[in-house]
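J.: So that we are looking at the same thing, I have put the structure below in structure tokens.
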């Protein structure tokens with residue numbers, strides 16, 4: 001697996017686009033976040049989620065610093081000449097990027113490392129949306145594997161932003177299905193913009209000149225619609241960039257009754 005440094009370098013060389021870079025950052029499983037000594041003591045004493053710490057510079061910019069490894073954290077401490085012990089939390093990208101981050105002006109990834117990168121406040125909503133998608137993709141994959149954590153079915157139902165492909169022309173719309181070489185009718189649903197975009201070439205080829213658009217739906221709406229359709233199953237993210245996950249049509253009933 002590529003390191004965050006290698007992924008950022010690939011983006012700088014235009015081998016990855018901005019969304020691909022964001023997905024890699026959000027999917028990274030071991031971010032280091034600074035916390036105060038008091039928050040560290042609270043965490044140990046109460047087994048609670050600690051308050052994260054941010055940096056405010058001389059001009060009043062509030063900046064959250066994140067490190068992708070112990071090595072990049074150590075590089076920062078050495079270059080910043082930090083002598084006092086630093087307390088930190090190790091967590092997943094889907095957790096940290098889903099935080100409200102009210103009042104944060106910038107996120108600085110791997111500060112004082114050669115590959116560092118900065119995200120501004122205007123980009124944080126996109127990171128947050130992708131973090132929510134990555135989290136629900138994990139739930140969906142674990143449901144299929146039979147390893148889901150408690151509450152996964154409810155979270156799949158309550159997810160607010162599935163994308164459903166629709167072909168439209170002359171005021172008429174029809175649902176588009178996932179490609180299948182066995183003649184099955186497989187509903188297609190997507191969890192994020194990039195997974196829908198990956199499907200577009202196949203969708204456009206099958207649309208016979210119709211315009212292909214994404215209709216957003218929450219989970220309850222999606223599974224209610226599918227439960228009333230004569231489909232063989234449902235495939236999430238059928239064209240990548242992540243691994244597709246398929247279920248029998250009965251999933252809709254299970255989710256709605258959870």
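J.: Give the residues of the range 124-163 that are surrounded by fewer than 17 Cβ atoms within 10 Å (Cβ to Cβ), out of contact with any helix residue (DSSP H, G or I) (no Cβ under 8 Å at 6 or more places or on another chain) and free of Cβ contacts under 8 Å to residues at least 60 places away in the same chain, sorted by residue number.
T.: Selection gives 125, 128, 145, 146, 147, 150, 151.
J.: Output the residue which, of all residues in the range 223-241 that are assigned to a loop (DSSP other than H, G, I, E, B) and out of contact with any strand residue (DSSP E or B) (no Cβ under 9 Å at 6 or more places or on another chain), is surrounded by the fewest Cβ atoms within 10 Å (Cβ to Cβ).
T.: So the residue we want is 230.
J.: Assuming residue 106 fulfils every condition listed in (1) within 30 Å of residue 72 (Cα to Cα); (2) surrounded by fewer than 18 Cβ atoms within 10 Å (Cβ to Cβ); (3) over 18 Å from the mean Cα position of the chain (by Cα) apart from one, which condition is it?
T.: All conditions pass for residue 106, except number (2).
J.: Considering every residue within the range 82-95, establish whether at least one is surrounded by fewer than 16 Cβ atoms within 10 Å (Cβ to Cβ), under 25 Å from residue 22 (Cβ atoms) and touching a residue at least 60 places away in the same chain (Cβ under 8 Å).
T.: Within the range 82-95, one or more residues are surrounded by fewer than 16 Cβ atoms within 10 Å (Cβ to Cβ), under 25 Å from residue 22 (Cβ atoms) and touching a residue at least 60 places away in the same chain (Cβ under 8 Å).
J.: Identify, from the list 47, 17, the residue that is surrounded by fewer than 18 Cβ atoms within 10 Å (Cβ to Cβ), modelled with pLDDT of 90 or more, assigned by TED's automatic domain parsing to the domain that holds residue 124 and out of contact with any strand residue (DSSP E or B) (no Cβ under 8 Å at 6 or more places or on another chain).
T.: 17
J.: Select from the range 199-222 the residues that are surrounded by 18 or more Cβ atoms within 10 Å (Cβ to Cβ) and either over 19 Å from residue 173 (Cβ atoms) or out of contact with any helix residue (DSSP H, G or I) (no Cβ under 6 Å at 6 or more places or on another chain) (or both) and list them in ascending order.
T.: Correct list: 199, 203, 207, 210, 217, 219, 222.
J.: Okay, moving on. Could you check, for the range 206-222, whether at least one of its residues is modelled with pLDDT under 95 and part of a helix (DSSP H, G or I)?
T.: yes
J.: Just for the range 164-177: of the residues that are closer than 23 Å to residue 130 by Cβ and touching a helix residue (DSSP H, G or I) at 6+ places or on another chain (Cβ under 8 Å), which one is surrounded by the most Cβ atoms within 10 Å (Cβ to Cβ)?
T.: 165
J.: Where in the range 103-185 are there strands (runs of 3 or more DSSP E), lying wholly inside it, with at least 1 residues that are within 30 Å of residue 207 (Cβ to Cβ) and in the same structural domain as residue 212 (by TED's automatic domain parsing)?
T.: 162-169, 172-175
The values are calculated or read from the model by the stated rules, or taken from the named source; none is laboratory data. Everything numeric here is computed off the predicted structure, so don't read it as measured data. Ideal geometry is used to build each Cβ from the backbone, glycine not excepted, and the neighbour counts take in all protein chains shown.
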